[in-house]
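The values are calculated or read from the model by the stated rules, or taken from the named source; none is laboratory data. In this text, all values refer to a predicted model and were calculated from it rather than measured experimentally. Cβ atoms come from the backbone with ideal geometry, glycine included; neighbour counts cover every protein chain shown.
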Amino acid sequence: MSGNGTQIRVLVVDDSAFMQKVLGGIIGTDPQMTVVGVASDGREAVSQAESLRPDVITMDINMPVMDGLQATEHIMTRNPRPIVVVSSESREGAHGTLRALELGAVDFVAKPSAAIDLDMGTVRDELLRKIRMASKVRVVRTASRTKVTMDPAGTGKTLIQPAPQLPSLHSLEGTDKFPVVVVAASTGGPATVMQILPRLPKDFPAAILLVQHMPAAFTAQYGQQLAERAKMKVKEATHQETIQPGTIYVCPGSHHMRISPAGRIQLDDGPRISGYRPCADLTMDSTALYAGPMALGVVLTGMGGDAAQGVRTIKKGGGYVIAQDEATSTIFGMPAEAIKTGVVDKVLPADEISDGIVHRVLELLAVPHRSRS
């Protein structure tokens, strides 16, 4: 949280003296913000994060001595502070930015693609808005948590809990309906999704539609990085393809995604809806119409109220809704708005949501598959 409730103290980290000046100038235009320090590499960033204890850090990725990823990991494991990554929209920049978000960075701002101009003025409002938002985030030390049980033999060793037995994809052949899960996320979502979806088993008998608020230049790379972690097949959604169980479809950041009555993905690059593109409400509304009781809405961390209308539609169609709890949400905006609707069936911490999804799919498929071997 910001130090005195009025001034947000910012540490600027960038190896370019020019970019330090540009970022400092933008931050200086906001009377509620002040630059308390600058660092030219990751090692300086780690040191100044500890000594200055800034409210927010803006972090470059490519730097000498220690890069922004190493610095983010150090800071978030030892002396966590809210970090907003400032990086390019190039493929390399997207890869680094998404990795930083996994390591605990709160959000990111993409430098203009016309880097030769370094016209950061074009992203001024976005940068100030995200710094302001980051200053309100309750950060925690980055830690990977695995659900384990103690060995009943008393050896003191821990055992990974076995995955429940799920109907096979083969057993779904010949059926025209199967569970469809819509996962909606915004700020804090990339890291949370990486915690949840890779836990779902290979050949999971449901289709997963992922709607993450993210610029178009990042979603393809995001899908690739998720594919490296997930057991399920992962792909960026394409127009008119038919959804299939066992696949995670990542909505392109440049489009809205709907499901047609025939089960085909419909993408359109129409205007933002309630400020969002992609808009999770649209995906949930169309999924509810397509899948009915087989629809499952999952609302994760993020600002705003996207998905609140969508979960109502899913519930009205007989579907099921899970929301992330406040304690594990980076920003408890979207889940809170979903919960306020009164239609949420389960409010779960991030590390229990994959189990919640599996449990619901088991419930949906138990009756028709009970007699099958």
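Test ALA280 against the criterion of being touching a residue at least 40 places away in the same chain (Cβ under 8 Å) and closer than 24 Å to GLU102 by Cα, and give yes or no. Give the steps one after another, and end with the answer.
Numbers: touching a residue at least 40 places away in the same chain (Cβ under 8 Å): yes; closer than 24 Å to GLU102 by Cα: yes.
Spelling it out, ALA280 is indeed touching a residue at least 40 places away in the same chain (Cβ under 8 Å) and closer than 24 Å to GLU102 by Cα.
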When restricted to ALA227, ALA217, the only residue under 18 Å from SER354 (Cα atoms) and among the aliphatic types (A, V, I, L, M) is ALA227
Inset, instruction - Determine if region 346-358 includes at least one residue that is part of a loop (DSSP other than H, G, I, E, B) and more than 24 Å from HIS256 (Cα to Cα). - result: yes
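Quickly run through region 63-109 and pick out the residues that are of a type in the set (A, V, I, L, M), assigned to a helix (DSSP H, G or I) and under 15 Å from GLN225 (Cβ atoms). First the steps, then the outcome.
Narrowing region 63-109 to residues of a type in the set (A, V, I, L, M): 63, 65-66, 69, 71, 75-76, 83-86, 94, 98, 100-101, 103, 105-106, 109.
Narrowing further to those that are assigned to a helix (DSSP H, G or I): 69, 71, 75-76, 94, 98, 100-101.
Once the filter is applied, which keeps residues that are of a type in the set (A, V, I, L, M), assigned to a helix (DSSP H, G or I) and under 15 Å from GLN225 (Cβ atoms), region 63-109 yields LEU69, ALA94, LEU98, ALA100, LEU101.
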Residue pairs within 8 Å by beta carbon, gap of at least six or interchain, first lying in region 183-196 and in the same structural domain as CYS279 (by TED's automatic domain parsing), second part of a helix (DSSP H, G or I) and of a type in the set (Phe, Trp, Tyr), listed first then second, are PRO190/TYR222
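Results for (1) surrounded by fewer than 24 Cβ atoms within 10 Å (Cβ to Cβ); (2) outside the structural domain of VAL193 (by TED's automatic domain parsing); (3) of a type in the set (Asp, Glu), shown as yes or no for each residue.
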| position | (1), (2), (3) |
| --- | --- |
| PRO252 | yes, no, no |
| GLY310 | no, no, no |
| ALA323 | no, no, no |
| GLU326 | yes, no, yes |
Residue set GLY319, GLY333; condition buried (at least 16 other Cβ atoms within 10 Å of the Cβ), modelled with pLDDT of 95 or more and out of contact with any Phe, Trp or Tyr (no Cβ under 7 Å at 6 or more places or on another chain); output residue GLY319
Residues in region 9-59 that are in a loop (DSSP other than H, G, I, E, B) and buried (at least 21 other Cβ atoms within 10 Å of the Cβ) total 3
From the option list LEU289, LEU226, LEU209, LEU197, single residue qualifying as of a type outside the set (Ser, Thr, Tyr) and in a strand (DSSP E or B) is LEU209
How many residues of region 256-276 are more than 16 Å from PRO179 (Cβ to Cβ) and either crowded, with 20+ Cβ neighbours inside 10 Å or not assigned by TED's automatic domain parsing to the domain that holds VAL343 (or both)? The answer is 5
